[in-house]
Amino acid sequence: MEDHLKNAQIELQHILLELNSNRTHHMRHFIDSYFCYSNNFINKNGNAKWQNLLWTQKISNEAKKVFYEYETKLIKYKNETTKRNSLKKERDRMVTRDHTIPLRVVIKIIENEHKISPLSIEKLQAILDENIFYTTITKEEDGLLRSKKLTSQMPQGYYDEQDHLYQKWNARYIFAGINLESID
């Protein structure tokens, strides 16, 4: 087994230890680390590299505009590493990575499942793999989610079987009017 996959398994064990101790205040770190290790988002030293999550999975239309605007600039400076790195940092400061399903919601799912029946590593992994992914959004869109109080919760429709948002992973974005695409 490759080192990053071993580290992913260690993070799952950390999460189970926290669950068994009725503690959740370190879950963000363990869950994010698990995701990075299991998806090979690591630096040259083999440590989780959260910055690598930008621009990799889901992306809002507005963030995609930022991406392509800077791609055009980066092409102009293809032989100037310092300028390219500066432009990438500038571009990345305009966006943020967002837990597509808020971490608080995912932690609640894990806690509820664990109360019903103690989770195995495999069941925990399945829950995380189904519910943890990231969306790159602009800082303005992040502010929009904050103004609608959707940074750490899903809209009510997510829980209502009669609602068009029921159990949709993108319910917050639909509710807030944020349109998403995938990175091509």
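No value in this document is a laboratory result; all are computed from the given coordinates. Just so we're clear, the structure is a prediction, and the values are computed from it rather than from any experiment. Ideal geometry is used to build each Cβ from the backbone, glycine not excepted, and the neighbour counts take in all protein chains shown.
Residues ILE75, ILE10, ILE15: which one is of a type in the set (Val, Ile, Thr) and under 29 Å from PHE175 (Cβ atoms)?
Working: ILE75 fails: under 29 Å from PHE175 (Cβ atoms); ILE10 fails: under 29 Å from PHE175 (Cβ atoms).
Just one listed residue meets the conditions, ILE15.
If I go through region 114-141 residue by residue, how many of them are surrounded by 18 or more Cβ atoms within 10 Å (Cβ to Cβ) and among the acidic types (Asp, Glu)?
Number of matching residues: 1.
If a residue must be part of a helix (DSSP H, G or I) and more than 16 Å from the chain's Cα centre (by Cα), how many such residues does region 145-184 contain? Steps first, answer last, please.
Step one: list which residues in region 145-184 are part of a helix (DSSP H, G or I), which gives 145-147, 156-159, 171-176.
Next, only the ones that are more than 16 Å from the chain's Cα centre (by Cα) stay: 146-147, 156-159, 174-176.
Total meeting the criteria: 9.
Quick one: would you say ASP142 is within 18 Å of the chain's Cα centre (by Cα), closer than 26 Å to ASN20 by Cα and assigned to a helix (DSSP H, G or I)?
Details: within 18 Å of the chain's Cα centre (by Cα): yes; closer than 26 Å to ASN20 by Cα: no; assigned to a helix (DSSP H, G or I): yes.
The answer is no for ASP142.
Results for (1) surrounded by fewer than 15 Cβ atoms within 10 Å (Cβ to Cβ); (2) in contact (Cβ under 8 Å) with a residue 60 or more places away in the chain; (3) touching a Lys or Arg at 6+ places or on another chain (Cβ under 8 Å), shown as yes or no for each residue.
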position	(1), (2), (3)
ASN7	no, no, no
ILE15	no, yes, no
ASN39	no, no, no
ILE42	no, no, yes
ALA48	no, no, no
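Being basic (Lys, Arg) and buried (at least 18 other Cβ atoms within 10 Å of the Cβ) is the filter; apply it to region 89-111 and report the residue that is nearest to the chain's Cα centre (by Cα).
Step one: of region 89-111, the residues basic (Lys, Arg) are 89, 91, 93, 97, 104, 108.
Then drop every residue that is not buried (at least 18 other Cβ atoms within 10 Å of the Cβ), which leaves 91, 97.
Working: ARG91: 18, ARG97: 6 Å.
My answer is ARG97.
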